[in-house]
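Reading through the structure tokens given below for one structure.
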There are 2 protein chains.
Amino acid sequence: MTASTKKLTLYDTTLRDGTQMEGISLSVEDKLKITRMLDKLGVDFVEGGWPGSNPKDAEFFERARDLDLQNSTIVAFGATRRANISVDKDPQIEALLQAETEVITLVGKSSALHVRSILETTPEENLDMIADSIQYLRGKGRRVIFDAEHFFDGYSEDPDYAIKTVQAAHDAGAECVVLCDTNGGRLPSEIADTIGGVKDATGANLGIHAHNDADMAVANSIAAVNEGVVQVQGTINGYGERCGNANLVSIIGNLKIKMGIDCISDDQLSYLTEVSRYASELVNLPPDEHQPYVGMSAFSHKGGMHVAAVNKLEESYQHVPPELVGNTKRVVVSELSGRGNIAYKVRELGIDVDLGPDGTKEVLGRIKDLESKGFQYEGAEASFELLVRRAHSAYNPPFELVDFMVLVENSRRSPSMTNDAEPYLLAEAMVKVKVGEETIHTAAEGNGPVNALDLALRKALMQFYPRISVVQLSDYKVRIVDESSGSSSSIRVLIESTDGSRVWRTVGSSTNVIEASWLAMADSLEFWLIKNQD
Amino acid sequence: MTASTKKLTLYDTTLRDGTQMEGISLSVEDKLKITRMLDKLGVDFVEGGWPGSNPKDAEFFERARDLDLQNSTIVAFGATRRANISVDKDPQIEALLQAETEVITLVGKSSALHVRSILETTPEENLDMIADSIQYLRGKGRRVIFDAEHFFDGYSEDPDYAIKTVQAAHDAGAECVVLCDTNGGRLPSEIADTIGGVKDATGANLGIHAHNDADMAVANSIAAVNEGVVQVQGTINGYGERCGNANLVSIIGNLKIKMGIDCISDDQLSYLTEVSRYASELVNLPPDEHQPYVGMSAFSHKGGMHVAAVNKLEESYQHVPPELVGNTKRVVVSELSGRGNIAYKVRELGIDVDLGPDGTKEVLGRIKDLESKGFQYEGAEASFELLVRRAHSAYNPPFELVDFMVLVENSRRSPSMTNDAEPYLLAEAMVKVKVGEETIHTAAEGNGPVNALDLALRKALMQFYPRISVVQLSDYKVRIVDESSGSSSSIRVLIESTDGSRVWRTVGSSTNVIEASWLAMADSLEFWLIKNQD
């Protein structure tokens, strides 16, 4: 199935509109990786950037020519020619041609208000800009998609003019005219009504490009599909300026599973979770654990009643089978759990320990006891596994904590001993650890007490387990459990660690933030050691 | 305008369904704070919890009776009676009555499949369970709302039976029957069609309770309003199990601004951003910067073209005026937009300091510098006020920090010196503080390093300011700013303090959690002292 034989095509703009989001900046290498991933997912069009706007985008198009894509067509993005110049004199249009893509998307204005206030030209000139630019690129053998910016707002202000812009693009040879809810403020009912009107008035193939400012981007895109648009634009994970673009991940899930529209194949659908998480890694933003279809928690069950129900009837609290999108069901272990949760979790994590009914009861009792002290095992599955293993008599821990001391000093008695010295801050840790019969006693300095403790503990273990240096803390979270007690509350520390190939999470709790961190760090290293025994 | 005269009521379940989200666990104190905040926002119903399921919820209802609420009615939540017992013998129903709320929401099953597979009883008995339970509570003088669980899935499987459950609840005296998309998998068109069918078949007042598994919870809620439901249920920021509940914040924005439905007043709408951010603080989850209407980035502009356009035409890239919801426009990376903000904030907080243009510039520079080090003044207005006052040459601080030292020791060398002693944990702090020309040097022991520091600092200041003992830390939060750096990241500490009559918040940041706490604590005490000078 190719884009030209499909009734509905998917158009990704993560690389262009997605990067308008605060905090996202992609290298050319990142952009190429995302392109390959979108191709694997079966997205029809991948908008690579605006070659006229920056040199990085121009480099992308050059290197993208060497990608051996199976499903996706690379698209260059630009604007209609500037007002009152000839199209062949516009350097931005020239840069578009130099990107050498088969397809070009041009954005132009559909709102007469914007034409007057922002472009500061006449509505008639804007129509000429649309027509000239598209005809010129068509003459150079390119396929053209037209993005009608602010279409819905323009249609509210002056429907006749907005329709004229669509007509101009269609008559000039645009293969698809994409109606943009640029400010993202429209509701599905308005989208549906407007598209109906435009379809009747023009013969154009229409598309939809929605933003999420009213929390409606996915719903608006689906409403447009119901009205017969042939293209949906969006970004992976909804990345984009302000509140983001329409989330292509949710749209694909809904189109394919709920509406039976084969915009991608079943195999491709099973990559959806992987694609979403890989993209979040590349843009360096934490994945949204609650994201529909693909989040870590999208199919997780916490309440005891729900877990009991899921054990009786798999689909009782999930809207689709998670395997379809490459996700998995998770049962959260917490103080609300029953024995069933523990047994389920042990199986799910593939822990090769036979606890038996007594062992299970012991683990459950221990979890309830520890959770009442501020530990939390949901989201700390490595600590849960250690708890299960420790309940088994045959378990032999790779090391034992003996004791530690931490010193933090903020002092004006600086090394130079001048009186008005800037205060300096010192953090040192001493640790004592036992491996087998041997005790290691060592110390380290860090840029905070937890960092000092982390460095000292690794230093101690490195003597016996030199490979432990690959373990890195990738995330460190502190939460006050009983906030009403002020500075004497229980403190929970959650640590995420990685050795480059796998990620695991551990927990520690104490009224003392240092001890809580110490417990979580020790669990993290112990977990890695039992998983990587020689 | 009261709930009974409104056409559409808002029903918040943050305290019950919201806490089903992984990672959320609220203390009774937190729940009371959220209730007061929802009352201020004008939400009609606040579901407080499930008194039959845990003692914490029962305590909430007891304490909530003393809240002097202006707009909200507290609701207790429970399930219909168990199968094959008499309703007055069900302890869970009894617990509901003991919560002593005027309104009770009962959840019951509308899916025949679930009745058979999960409840393991007959469809007829389920109808009796619904009718008996509601009649019983009505007989005890309570108003009853019925939550029809899995309604939409049940309606797809067996529409006649699903409608019978609604009819049973309506006939038994439920004032509203809320149709639940429990698994969150339905699309707006299905929601609309189904509600139409149910309205025709029953005479019941209907409500909607949506989950976000298909990224449609807000759209489904709005679709239901368009079909004439009289109640919308949701949670603040969409907190909830799996992918969350319908986000009441987005729903309120859409109802009020886009659809002209006066579910709350204009004044109340202007608290929307504050309510959203305060809730995220209480549940200790980072606010979603891209959240529609209320996110930090919801009205921010990054692209140069967009910024230029916004300067020409204010509304060109924003769907509503941000002031309506208490949010502000932001231009990313812009010094000029900042100075106006500072002046605005100084006026807003009523700080009686005339900074002048140079002072404003100095404060702005200092904020930018400190924010780059992890401080954040949003939500820490006492620290902001101190920053402004310190920029004024006439400011005379009530004390000065000189230095501190903290020692944390975890050791098996217990005081009794036996070899196998349980490890003991020691936390001690030494502080040096200057008041006027005098230096106080003192020390204290605490149950953690921050607590020890807190006690030592108060002990030092008490000699000069004995009344300072009324100041209490009421909340203490730790957040890692740059999570990717692991244990050497910047750490931000936010402290909330109270003297029994007012509440203020301060911030500290450092790579060292102890120093960050020290800075926030010192700000808290300094703020109280300048506000309570004799």
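Annotations
- Compactness of the stretch A:61-173 - radius of gyration and Dmax, Cα, Å: 14.7, 45
- Between B:VAL75 and B:VAL46, B:GLU47, B:GLY48, the built amide H atoms are under 5 Å apart, and every one of these is 5 or more places off in sequence or on another chain.
- Fraction of accessible area attributable to carbon and sulfur, the stretch A:305-403 (%, probe 1.4 Å): 50 percent
- Probe 1.4 Å - accessible area at A:TRP528, Å² to nearest ten: 10 Å²
- Residue-averaged [θ]222 nm for the protein assembly as shown, counting only DSSP H segments that reach four residues, each worth -39500 (n - 2.57): -11500 deg cm²/dmol
- Residue-by-residue Karplus 3J(HN,Hα) for the stretch B:37-43, coefficients 6.51, -1.76, 1.60, Hz, glycine and proline x: 5, 5, 5, 4, 6, x, 5
- Backbone phi angles across the stretch B:154-170, fed through the Karplus curve with coefficients 6.51, -1.76 and 1.60 (θ = phi - 60°), yield HN-Hα couplings of x, 5, 5, 6, 8, x, 5, 5, 4, 5, 4, 5, 5, 4, 4, 5, 5 Hz in residue order; Gly and Pro are listed as x.
- Counting all C-alpha pairs of chain A, share separated by more than 33 Å (%): 54 percent
- The phi torsions of the stretch B:60-66, fed into the Karplus equation with coefficients 6.51, -1.76 and 1.60 and a -60° offset, translate into couplings of 4, 5, 5, 6, 5, 4, 8 Hz, rounded to whole numbers, with Gly and Pro shown as x.
- Computed E for A:LEU426/A:THR328 - FRET, C-beta separation, R0 60 angstrom, nearest 0.05: 0.85
- Distances between placed amide hydrogens fall under 5 Å for B:ILE491 paired with B:VAL481, B:SER510, B:THR511, B:ASN512, all partners being 5 or more residues away or on another chain.
- With label points set 7 Å from Cα along Cα→Cβ, the inter-copy distances at B:TYR424 are 3.4 nm, sorted shortest first.
- Total formal charge among the other residues, if their Cβ is under 10 angstrom from that of A:VAL406, Lys/Arg +1 and Asp/Glu -1: -3
- In the stretch B:102-142, the portion of solvent-accessible area held by carbon and sulfur atoms comes to 44 percent [1.4 Å probe, whole percent, DNA, RNA and ligands not counted].
- The B-A contact accounts for approximately 8700 Å² of buried accessible area, totalled over both chains at a 1.4 Å probe radius.
- The protein assembly as shown: antiparallel DSSP beta bridges as a percent of all, rounded to 5: 50 percent
- Binned Cα-Cα distances of the stretch B:217-277, short to long, each 5 Å bin given as a whole percent: 4, 18, 30, 25, 16, 6, 1
- Filter on A:LYS459/A:LYS531; B:LYS373/B:LYS477; A:LYS373/B:LYS432; A:LYS33/B:LYS373; A:LYS312/B:LYS109 - keep pairs with C-alpha separation over 26 Å: A:LYS373/B:LYS432; A:LYS33/B:LYS373
- Of A:ARG186, A:ARG242, B:ARG143, the residue with the largest accessible area leads and the full order is B:ARG143, A:ARG186, A:ARG242 (1.4 Å probe).
- Alpha-carbon centroids, the stretch A:306-374 and the stretch B:257-302: separation in whole Å: 35 Å
- Amide H contacts of B:VAL178 (H built 1.01 Å from N, under 5 Å, at least 5 apart or other chain): B:PHE146, B:ASP147, B:ALA148, B:GLY207
- The mean number of Cβ atoms from other chains found within 10 Å of a Cβ in peptide A:188-197 is 2, as a whole number.
- Quarter of Cα convex hull surface for the protein assembly as shown, i.e. mean projection, nm²: 45.7 nm²
- Full-extension gain in nm, B:GLU400 to B:ASN226, via 0.36 nm per residue minus C-alpha separation: 56.6 nm
- Residues in the stretch B:204-280 average 21 Å² of solvent-accessible surface per residue, probe 1.4 Å, ligands and nucleic acids excluded.
The values are calculated or read from the model by the stated rules, or taken from the named source; none is laboratory data. These numbers were taken from a predicted model, which means no experiment stands behind them. Positions of Cβ are backbone-derived with ideal geometry, glycine not excepted, and every protein chain shown enters the neighbour counts. Please note that ligands, DNA and RNA were not included when accessible areas were found on the heavy atoms of the full protein model with its side chains. Shrake-Rupley method; radii C 1.70, N 1.55, O 1.52, S 1.80 Å.
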